[in-house]
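> Can you keep this structure in mind? I'll have questions shortly.
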Amino acid sequence: MLMLVLLAGLDIQKNPQPRDPCIWFWYLAILPAAFMEEIAFRSYPLLKLKRTMGLWPAQLIISVAFILYHISLGWSILTASLGPGVWAFVFGIAAIRSKGIALPTGIHVGLNLTLSILGMNQGVESLFVTSQNDNVSNSIFNLLTRVLVLSAGIFLTECFIRKSKNENRSSEIRLPMADNAD
């Protein structure tokens, strides 16, 4: 968000519309919704795919499944691909690296809560409203931001794979047994 405010001209203002007093309950619903998605996509399915096919295929399959899930909720293909599809790589490597779903759930909740409060989630009433100059440079900046997040997820996945391979190689090195010439 800070990058969007500083570099892309995103403007954040208090929402002038009267707020529904139940808005806080809607925001609280983000936690179980994100937790449910992390259980469905990053717990057993990701681990099982990782074990049977490797981390790259697991990340790709789960990302596509996450995109399709969001499309089934009414999102456009482009929005689901550039939003949840991109973040799926970050959530996936967070789950693998932390060996659980608490970290990806926390990232997921933080992201969804921030987007909702700032009015960037469709259909959710917000405390603030955002506006942006609709020029080509801002559209390109938004796309570049998503590419940066995707690149981070891909980079962290590759680093984890390489680190795991190095650890496996070092554990396979065995010292020759000393001959007992008694």
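Let's see how each residue does on (1) over 30 Å from PRO21 (Cβ atoms); (2) outside any strand (DSSP E or B); (3) modelled with pLDDT under 85:
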residue	(1), (2), (3)
GLU125	no, yes, yes
ASP134	yes, yes, yes
SER137	yes, yes, yes
LYS165	yes, yes, no
ARG169	yes, yes, yes
PRO176	yes, yes, yes
ASN180	yes, yes, yes
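> I'd like the full set of residues that are in a helix (DSSP H, G or I), out of contact with any strand residue (DSSP E or B) (no Cβ under 7 Å at 6 or more places or on another chain) and over 14 Å from THR145 (Cβ atoms), limited to segment 101-117.
If the condition is that a residue be in a helix (DSSP H, G or I), out of contact with any strand residue (DSSP E or B) (no Cβ under 7 Å at 6 or more places or on another chain) and over 14 Å from THR145 (Cβ atoms), then ALA102, LEU103, PRO104, THR105, GLY106, ILE107, HIS108, VAL109, GLY110, ASN112, LEU113, SER116 are the ones that fit.
> While we're here: Say whether the condition of being open to solvent by less than 80 Å² (accessible area, probe 1.4 Å), at pLDDT below 80, under 16 Å from the mean Cα position of the chain (by Cα) and at negative phi is met by at least one residue in segment 106-116.
No, segment 106-116 contains no residue that is open to solvent by less than 80 Å² (accessible area, probe 1.4 Å), at pLDDT below 80, under 16 Å from the mean Cα position of the chain (by Cα) and at negative phi.
> Then there is this: Within segment 49-63, can you find the residues that are under 19 Å from GLY83 (Cα atoms) and either open to solvent by less than 80 Å² (accessible area, probe 1.4 Å) or among the aromatic types (Phe, Trp, Tyr) (or both)?
Of everything in segment 49-63, those that are under 19 Å from GLY83 (Cα atoms) and either open to solvent by less than 80 Å² (accessible area, probe 1.4 Å) or among the aromatic types (Phe, Trp, Tyr) (or both) turn out to be ALA58, GLN59, ILE61, ILE62, SER63.
> Another question, then. Suppose we keep only residues that are open to solvent by 30 Å² or more (accessible area, probe 1.4 Å) and assigned to a helix (DSSP H, G or I) within segment 81-100. Which one would you say is nearest to GLN59 (Cα to Cα)?
TRP87
> Can you list the helices (runs of 4 or more DSSP H) lying wholly within segment 11-76 that have 1 or more residues being of a type outside the set (Gly, Ala, Ser) and within 21 Å of CYS159 (Cβ to Cβ)?
30-42, 44-53, 55-72
The values are calculated or read from the model by the stated rules, or taken from the named source; none is laboratory data. Predicted, not measured: the structure shown is a model, and the values here were computed from it. Cβ atoms come from the backbone with ideal geometry, glycine included; neighbour counts cover every protein chain shown. Ligands, DNA and RNA are excluded from the accessible area calculation, which covers all protein heavy atoms including side chains. Shrake-Rupley method; radii C 1.70, N 1.55, O 1.52, S 1.80 Å.
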